[in-house]
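Written below as structure tokens is the structure these notes are about.
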Amino acid sequence: MAKVVCESCGKQYNLDENRIQGDTLKFKCKACGQVQETVIERQARPDLFESLSEEIDATSAHTDRSTPAPPSEKRRKTPVKDYRKDYRKDDNEARSQTGLAFRSGIGTKLVVAMLFVSIAPMLMLWFVTMKQTSDGIANGAHALLAQTAMGLSGEVDQWVDKNVRVLKTAAGLPGILSMAQASQEPILKQIERQYPWMYLVFTLDPSGMNVARNDGKPLKDYSDRQYYTEVFEGKDLSWQNLIGKTSKKPALVLATPIKSGDRFIGAMAAAMTVGDISRNIATWKRGETGFAFLVDEKGKVIAHPNAKYTETQKDLSGHPLVKAFRQGKQADTMQFVDETGRHCLGCVQGTSHGWALCVRQEMDEIFSDMKKARVLGSLLLAVTLCVTLFLAFSLSRTLVQPIRDLTVAADRMSLGDLDREIAVSGKDELGRLAQALNRMRVSMKMAMDRLQKNK
């Protein structure tokens, strides 16, 4: 029911508000005869009170003149909110509006917290592990290349020294000191039998002319050879990396002086294939791209896995590792770009005779296992992120949705809708909160009923 009050005499009328359009009414008071317009005072929940149907007309309007109000006294017009509009609010709209608040509230914070707690430590662990693994692989590669270069250069020195000792020992024998062909040839043939890689062992007189040789071929003039010139000029040992006149193959010629006391009387020399030492160097491999090679003091190849380089004594003096050796840098690993444009890691180690032993390997192959581990780690991280997001959103929905439902129910109660029961699910804190709201709803409804009956 709605209450209408005459502002002139104070007469009150009770009207069925369902039959009145709008919130204002223009009427003529039957008590004082004044025509006026007033605001309808509606009850918060008209359906909770008894329905009275008193109408304003000439026959049914009840007048009470026992307590007339002074004509000059005006009652204040107080607008009353129409709560029926709130009752008609659609629950879906209320839920969506409530949901908007939670999208930037508990649910979002919960998802962010779970991501931070689970992903952040994993990311830190991943980066630290990758860094340590990368450093470990790099250090291992550096150490391996350095040790290999040192070991192979040591083998070269031992091989050369062994041959030098043979020549120096033979140069001191009486048969060689005699500088007679008949006395020298048996000794030279015996040396070849003992050291088969020395395919030519021979002696030279002070003019560089052949005195004796092990292969029985005609004597030749070797005075134009570098090894003879250096020995003749006083060097205790000389060598030359060349294509042999006899074998037509890459060869290393070692020469040492023959002396009678302090007097130079000739030279003892041996031409040998580098097959043995070349096999040890050329066959060393690490993976698909790791190999070693040996060049002489002029940069010409002595041993290389590419046979053509060895056969043609290719000049590698422009190689980054050979350049570093000539600049005094050795025994330290270095990164460089090879002739094909690939990034490599290498190390160079000098021999006692000024040769350079180089080992190298491409960076991509060195870190290939690292790249596989990085890809696997990235996939694992991506899977973990997806699983964490799924769990975070699922848990967020499980926790936040009941809160949204209770918020919508509380909004309905604040607008006077006390008939709709609040669903209770679970026995956790949210379930107990729903039970408490239900009890409060019932208590409010009972209180409203008592107020209506007592009115």
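The values are calculated or read from the model by the stated rules, or taken from the named source; none is laboratory data. None of the values given here were measured: they were computed from a predicted structure. A quick note on method: Cβ atoms are made from the backbone with ideal geometry, for glycine too, and the neighbour counts reach across all protein chains shown. Surface accessibility is based on the protein's heavy atoms, side chains included, excluding ligands, DNA and RNA. Shrake-Rupley method; radii C 1.70, N 1.55, O 1.52, S 1.80 Å.
So the values come out like this:
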read-out	value
Nonlocal amide H pairs with ALA292, under 5 Å, H built at 1.01 Å	TRP284
Distance between modelled label sites at ASP215 and VAL424, nm, 7 Å Cα→Cβ extension	11.1 nm
Residue pairs, from the table LYS168/LYS235; LYS249/LYS300; LYS162/LYS329, whose Cα atoms sit over 19 Å apart	LYS162/LYS329
Label-point separation in nm, ALA410 to SER183, each point 7 Å along Cα→Cβ	12.1 nm
Across LYS11/LYS453; LYS189/LYS285; LYS109/LYS131; LYS248/LYS314, pairs whose alpha-carbon gap is larger than 25 Å	LYS189/LYS285; LYS109/LYS131
Extension gain (nm, one decimal) between LYS28 and THR289, 0.36 nm per residue minus Cα-Cα	83.0 nm
Solvent-accessible surface (1.4 angstrom probe) belonging to ILE403, in square angstrom, nearest 10	50 Å²
Full-extension gain in nm, LYS314 to LYS235, via 0.36 nm per residue minus C-alpha separation	25.8 nm
Segment 275-291 residues near the modelled LYS248 label - backbone nitrogen below 13 Å, point 7 Å along Cα→Cβ	none
Order by protection proxy (mean Cβ within 10 Å, highest first), peptides 119-131, 217-229, 252-264, 287-299	287-299, 252-264, 217-229, 119-131
Förster-model FRET efficiency, 56 Å R0, LYS259 and LEU385, C-beta, rounded to 0.05	0.10
Förster radius 35 Å - calculated FRET efficiency between GLN401 and ASN14, Cβ distance, rounded to 0.05	0.15
Per-residue HN-Hα couplings for segment 146-158 [Karplus 6.51, -1.76, 1.60; θ = phi - 60°; Hz; x = Gly/Pro]	5, 5, 5, 4, 5, x, 5, 5, x, 5, 4, 4, 5
Per-bin percent of Cα-Cα distances, segment 292-432 [10 Å]	10, 22, 14, 8, 8, 7, 8, 9, 9, 5, 1
For ILE258, residues with placed amide H under 5 Å, excluding near neighbours	ILE265, GLY266, ALA267, MET268
Gain on full stretching of the segment that runs from LYS168 to GLU37 - 0.36 nm per residue minus C-alpha separation	33.3 nm
Mean-position separation - Cα centroids, segment 212-288 and segment 386-435, in angstrom	96 Å
Solvent accessible area, Å² - THR169, 1.4 Å probe, full protein context	90 Å²
Accessible surface ranking that places the most exposed of CYS32, CYS9, CYS386, CYS344 first, with a 1.4 angstrom probe	CYS386, CYS32, CYS9, CYS344
For segment 174-201 versus segment 364-384, the gap between their alpha-carbon centres in whole angstrom	63 Å
Which of VAL387, SER368, LEU437, positive extreme of dipole for segment 330-452 (C-beta unit charges)	LEU437
